[in-house]
Amino acid sequence: MSIFEDLDVENVIQVLQEDGLYLGIQLPQAIVEEILEFTEREQCYANLNPQLMFHTNSKEVWQEKYGSLVVSDYVDPERNCRAIERIIQDPKLLKIAAAYLNAKPVFTGSRLWWSFATNTSFEERLNFAQELFHYDPIDYRSLKFFFYLTNVDSSSGPHVCVRGSHKNKKITHQLTLFIGRSDRDISQYYQQKDILTIGGNVGFGFAEDPFCFHKGTPPQQGDRLMLQIEFCLNNYHF
């Protein structure tokens, strides 16, 4: 049985195919609470370095010792948190992924991570966070589900996605896959109404084709906790 009781699968698929983005996949409160309990119990690692483990309640102590803290990740969240495993195996999400990929979806990974509000420069943050517009050529087709585990508004690191850009790119964008694009470059080609800054309360989720242009934004006030789940046609990690 799906944990997303009210989710209209056919509508999600239709919107995704047109926009490459669907907003409004709400996690049940019990699932949210279980994930938050996991993050309070388990250590995470700082700035993409698995050697730098700490508990979030000692964040200030860590920063005094090591310096700027930009992001922190939990190790193998799908293996260590039953609630995340349930999301990955949810029949409605799997049906959405199968229809969108037009194949049996292959789970290729999850990520549960904090983005912290710091005084770190934009250039330094780029070493750890993807805060320029980009798209991810992960596979021939892929789909990601994202969920906010903290309240996210304009000051707490909202995700930004260019709706419809999964099938609408100019030639120069297609020839330079891994180079970040400036806000100006994106706004000169796409309509402002399609450059969506995505906020939401705890548990708010969305599905996104990572071939859409997207970026993270640095939290200014309040740290952001986010879950990502990825499905592809193939798993190239093994």
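The values are calculated or read from the model by the stated rules, or taken from the named source; none is laboratory data. Predicted model, so just to flag it, every value in this text is computed and none were measured. With ideal geometry, Cβ positions are generated from the backbone for all residues, glycine too; neighbour counts draw on all protein chains shown. These area figures cover heavy atoms from the full protein model, side chains too; ligands, DNA and RNA do not enter into them. Shrake-Rupley method; radii C 1.70, N 1.55, O 1.52, S 1.80 Å.
Some values worked out for this structure:
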read-out: For the chain, built as a Gaussian network whose Cα springs stay under 10 Å, the top-fluctuating residue of Asn57, Asn119, Asn11; value: Asn57
read-out: The stretch 9-70, dipole about Cα centre (Lys/Arg Cβ +1, Asp/Glu Cβ -1), debye to the nearest 20; value: 360 debye
read-out: Mean separation of Cα contacts under 8 Å (6+ apart) over length of the chain, as relative contact order %; value: 31 percent
read-out: ³J(HN,Hα), Karplus 6.51/-1.76/1.60, whole Hz, each residue of the stretch 27-40, x for Gly, Pro; value: 6, x, 4, 4, 5, 4, 4, 5, 5, 5, 4, 4, 5, 6
read-out: Chymotrypsin sites (Phe, Trp or Tyr not before Pro) lying in DSSP loop within the stretch 129-171, provided at most 12 other Cβ fall within 10 Å; value: Tyr140
read-out: Only Lys, Arg (+1) and Asp, Glu (-1) charged, at Cβ; the stretch 192-238 dipole about Cα centre in debye; value: 140 debye
read-out: Accessible area of Arg82 in the full protein assembly, 1.4 Å probe (Å², nearest 10); value: 120 Å²
read-out: Cβ charges +1 (Lys, Arg) and -1 (Asp, Glu), total dipole of the chain, debye; value: 620 debye
read-out: Long-range Cα-Cα pairs in the stretch 1-147 (distance over 27 Å), rounded percent; value: 34 percent
read-out: Theoretical FRET efficiency, 1/(1+(r/R0)^6), r = Cβ-Cβ of Asn57 and Tyr140, R0 41 Å, to 0.05; value: 0.45
read-out: Residues of type lysines that Lys170 reaches as a straight line, Cα spacing below 29 Å, ignoring anything fewer than 8 places off in the same chain; value: Lys144, Lys193, Lys215
read-out: Farthest toward positive dipole pole in the chain [+1 Lys/Arg, -1 Asp/Glu at C-beta], among Leu36, Gln188, Gln63; value: Gln188
read-out: Positive-end residue of Cys161, Gly109, Ile138, charge dipole of the chain with Cβ unit charges; value: Ile138
read-out: Cα gyration tensor category, rounded, prolate or oblate, for the stretch 56-137 with a/c compared to 1.5; value: oblate
